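S.K.: Next up is a structure, given as structure tokens.
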Amino acid sequence: MEDMASDRRDQAVRAAVAQGLLSAAEPVVALLDTAGIRASAAALTAAFAAVTDTRVLHAFAVKAAPLVPVLRLLDACGLGAEVASPGELALARAAGVPPDRTVLDSPAKTHEELRRALALGIAVNADNLQELARIDALVAGAPTASPLGLRVNPQLGAGAIGALSTATGTSKFGVALRDPGAREAVVRLFLDRPWLRRLHTHSGSQGVPPTLMAEGVKAAYVLAEEIDTKAGRRQIDTIDIGGGLPVNFASDEETPTYAAYAELLASTVPGLFDGRYALVTEFGRSLLAKHGTILTRVEYTKTSGSRPIAVTHAGVQVATRTVYAPESWPLRVLAYDAGGRPSTGEETVQDVAGPACFAGDLLVTARTLPLLRPGDVVAVPDTGAYYFAHHYAYNSLPRPSVHGFTVTGEGTAGAEVVFTTVRPAQTLDEIVAESGGGWPDALLT
């Protein structure tokens, strides 16, 4: 599967050059492998179907790729949407994701945001006790069809990237279960609210090992069992286990797999899959990352301190996390010649730099690659989530265009790459407009 994906990527790079997608006018473009996305969605669905017959909603974490055509494609694959802001909800609605396949999570929901979600019948996970009190008032004033739940923090500790570890002792997310008196208070909250039927937990993202994620899910399951026992009734009907499966950024291998994670959950929390609880998942990065590639031309090359440097147009504006925290977010860089064919030149230790005006704008440092020359193409794979869809407007650099691609006749001599526009490149007029261009005299009066 990895070989097929890398073959499609190579064909797409060559076609993007031949068809003029990557050009002097657009020196950065982003590509999405439609077949790869479909395969990941199918793998997720199949993984859970293999271990349980219970009802499972796989709600894609919109934050990972907030692009309407992506959400539309995943909806067609049977996935829903997990949203964490009014903007993300608007994107899911624009993509046609129905309310009963939409889940709202956020630690800072406004009164109006909650009111609208309840009016639409969207599932809502309250993050804290003050929010739950707000929902109390809304439910009392207007009955809702929304499934309602509470997010809990099992406080299990951090993974390798502290900023993405959401189940630490002092995490801002959810109700901390190990704080004095907190567990008893949570049980009482449920006993007092027969309409509160869901538990939600999410232990982190990249850098959090699947074993720790599974322990977080187990903590939510044990709490659900406790609530049901003390209620003397079927109180909890759904457990939302979040997402967070890490991605391998070191090679084309897709690991860990959804199948392995589902099997780990089945062995760690067997009661989760016995049919008593419906499930919700909220995977994001693991569905999209391996299927996105950023392309850019090498504009100039130079040598500094005896080390070659290739200056490109892709840097902090598309790879913000990598530029600012390269140890936590390393990326691969692949070298292609000016025609988009894989480079075969002599391998040399070199830097690949972006265009922004600060010294740290580097995609990779001291990386061994075929020596890059002006006009060559640099491809940055594994960037389908949290990279080109999260533009950082340093130096007012424009958002790149995004194109989906399919390969017709894959594996044959007549294979052809077909591109479709997901999002056009940002224009200079649009940059000026969103930078106050319509009010040039605003500070003069």
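S.K.: Mind checking which residues of segment 43-72 are touching a residue at least 40 places away in the same chain (Cβ under 8 Å) and part of a helix (DSSP H, G or I)? Break it down into steps so the answer makes sense when it comes.
M.R.: Narrowing segment 43-72 to residues touching a residue at least 40 places away in the same chain (Cβ under 8 Å): 43-44, 46-48, 50-67, 69-70.
Of everything in segment 43-72, those that are touching a residue at least 40 places away in the same chain (Cβ under 8 Å) and part of a helix (DSSP H, G or I) turn out to be A43, L44, A46, A47, F48, V62, K63, A64, P69, V70.
S.K.: State which residue is surrounded by the fewest Cβ atoms within 10 Å (Cβ to Cβ) when the search covers only segment 263-285 and only residues that are under 23 Å from the mean Cα position of the chain (by Cα) and within 20 Å of P154 (Cβ to Cβ).
M.R.: Filtering segment 263-285 for residues that are under 23 Å from the mean Cα position of the chain (by Cα) and within 20 Å of P154 (Cβ to Cβ), the one surrounded by the fewest Cβ atoms within 10 Å (Cβ to Cβ) comes out as L264.
S.K.: Sticking with this structure for a sec: Among the numbered conditions (1) buried (at least 17 other Cβ atoms within 10 Å of the Cβ); (2) aliphatic (A, V, I, L, M); (3) in a loop (DSSP other than H, G, I, E, B), tell me where A250 comes up short.
M.R.: The number of the failed condition is (1).
S.K.: The conditions are (1) under 21 Å from L279 (Cα atoms); (2) in contact with a strand residue (DSSP E or B) (Cβ under 8 Å, 6 or more places away or on another chain); (3) at pLDDT below 90, and G204 fails exactly one of them. Which is it?
M.R.: (2)
S.K.: Within segment 346-382, count every residue that is farther than 17 Å from R297 by Cα and out of contact with any helix residue (DSSP H, G or I) (no Cβ under 7 Å at 6 or more places or on another chain).
M.R.: Looking only at segment 346-382, we keep the residues that are farther than 17 Å from R297 by Cα, and these are 346-349, 357-360, 365-368, 382.
Then drop every residue that is not out of contact with any helix residue (DSSP H, G or I) (no Cβ under 7 Å at 6 or more places or on another chain), which leaves 346-349, 358-359, 365-368.
Of the residues in segment 346-382, 10 are farther than 17 Å from R297 by Cα and out of contact with any helix residue (DSSP H, G or I) (no Cβ under 7 Å at 6 or more places or on another chain).
S.K.: Listed residues V152, V187; which is at pLDDT 80 or above and part of a strand (DSSP E or B)? Working first, answer last.
M.R.: On the way: V187 fails: part of a strand (DSSP E or B).
Residue meeting the stated conditions: V152.
S.K.: Considering segment 327-339 alone, what residues qualify as being surrounded by 14 or more Cβ atoms within 10 Å (Cβ to Cβ), out of contact with any Ser or Thr (no Cβ under 7 Å at 6 or more places or on another chain) and farther than 19 Å from G384 by Cβ?
M.R.: If the condition is that a residue be surrounded by 14 or more Cβ atoms within 10 Å (Cβ to Cβ), out of contact with any Ser or Thr (no Cβ under 7 Å at 6 or more places or on another chain) and farther than 19 Å from G384 by Cβ, then A338 is the only one that fits.
S.K.: May I ask you to list the residues in segment 95-113 that are in contact with a strand residue (DSSP E or B) (Cβ under 6 Å, 6 or more places away or on another chain), over 25 Å from V175 (Cβ atoms) and not charged (D, E, K, R)? Break it down stepwise before answering.
M.R.: Pass one, segment 95-113, residues in contact with a strand residue (DSSP E or B) (Cβ under 6 Å, 6 or more places away or on another chain): 97, 101-105.
Next, from what is left, pick out any that are over 25 Å from V175 (Cβ atoms): 97, 101.
Matches in segment 95-113: V97 only.
S.K.: If we scan segment 374-384, do we find a residue that is without any contact (Cβ under 8 Å) to a residue 40 or more places away in the chain and outside the structural domain of A95 (by TED's automatic domain parsing)? Show your work before the answer.
M.R.: Of the residues in segment 374-384, the ones without any contact (Cβ under 8 Å) to a residue 40 or more places away in the chain are none.
No, the conditions are met nowhere in segment 374-384.
S.K.: Turning to a different aspect of this structure: Only one of (1) under 20 Å from the mean Cα position of the chain (by Cα); (2) at pLDDT below 95 is not met by Q130, so which one is it?
M.R.: Only one criterion in (1) under 20 Å from the mean Cα position of the chain (by Cα); (2) at pLDDT below 95 is unmet by Q130, namely (1).
S.K.: Related question: Are any residues in segment 23-42 surrounded by fewer than 17 Cβ atoms within 10 Å (Cβ to Cβ), of a type in the set (G, A, S) and part of a helix (DSSP H, G or I), and if so, which ones? Explain how you work it out, then say what you get.
M.R.: If we filter segment 23-42 for residues that are surrounded by fewer than 17 Cβ atoms within 10 Å (Cβ to Cβ), which is where we start, we get 23-25, 35, 38, 42.
Filter again for of a type in the set (G, A, S), leaving 23-25, 35, 42.
If the condition is that a residue be surrounded by fewer than 17 Cβ atoms within 10 Å (Cβ to Cβ), of a type in the set (G, A, S) and part of a helix (DSSP H, G or I), then A35, A42 are the ones that fit.
S.K.: Sticking with this one: Tell me, which strands (runs of 3 or more DSSP E) lie completely within segment 335-445 with 3 or more residues that are among the polar types (S, T, N, Q) and out of contact with any Cys (no Cβ under 8 Å at 6 or more places or on another chain)? Let's see the steps before the verdict.
M.R.: Numbers: elements: 347-353, 362-370, 377-381, 401-408, 416-423.
In segment 335-445, the matching strands (runs of 3 or more DSSP E) lie at 401-408.
S.K.: For segment 102-112, enumerate the residues that are modelled with pLDDT of 95 or more, farther than 21 Å from A278 by Cα and either crowded, with 17+ Cβ neighbours inside 10 Å or not assigned by TED's automatic domain parsing to the domain that holds R183 (or both).
M.R.: Once the filter is applied, which keeps residues that are modelled with pLDDT of 95 or more, farther than 21 Å from A278 by Cα and either crowded, with 17+ Cβ neighbours inside 10 Å or not assigned by TED's automatic domain parsing to the domain that holds R183 (or both), segment 102-112 yields only K109.
S.K.: If I ask for residues that are outside any loop (DSSP other than H, G, I, E, B), β-branched (V, I, T) and farther than 12 Å from V352 by Cα, which ones from segment 299-334 would you list? I'd like the intermediate steps shown before the answer.
M.R.: Residues of segment 299-334 that are outside any loop (DSSP other than H, G, I, E, B), as a first pass: 299-304, 307-312, 320-324, 334.
With β-branched (V, I, T) added as a condition, the list becomes 301, 303, 309, 311-312, 320, 322-323.
Across segment 299-334, the qualifying residues are T320, T322.
The values are calculated or read from the model by the stated rules, or taken from the named source; none is laboratory data. What you see is a predicted model, and the numbers here were worked out from it, not measured in a lab. Because the Cβ atoms are built from the backbone with ideal geometry, glycine has one as well, and the counts that use them run over all protein chains shown.
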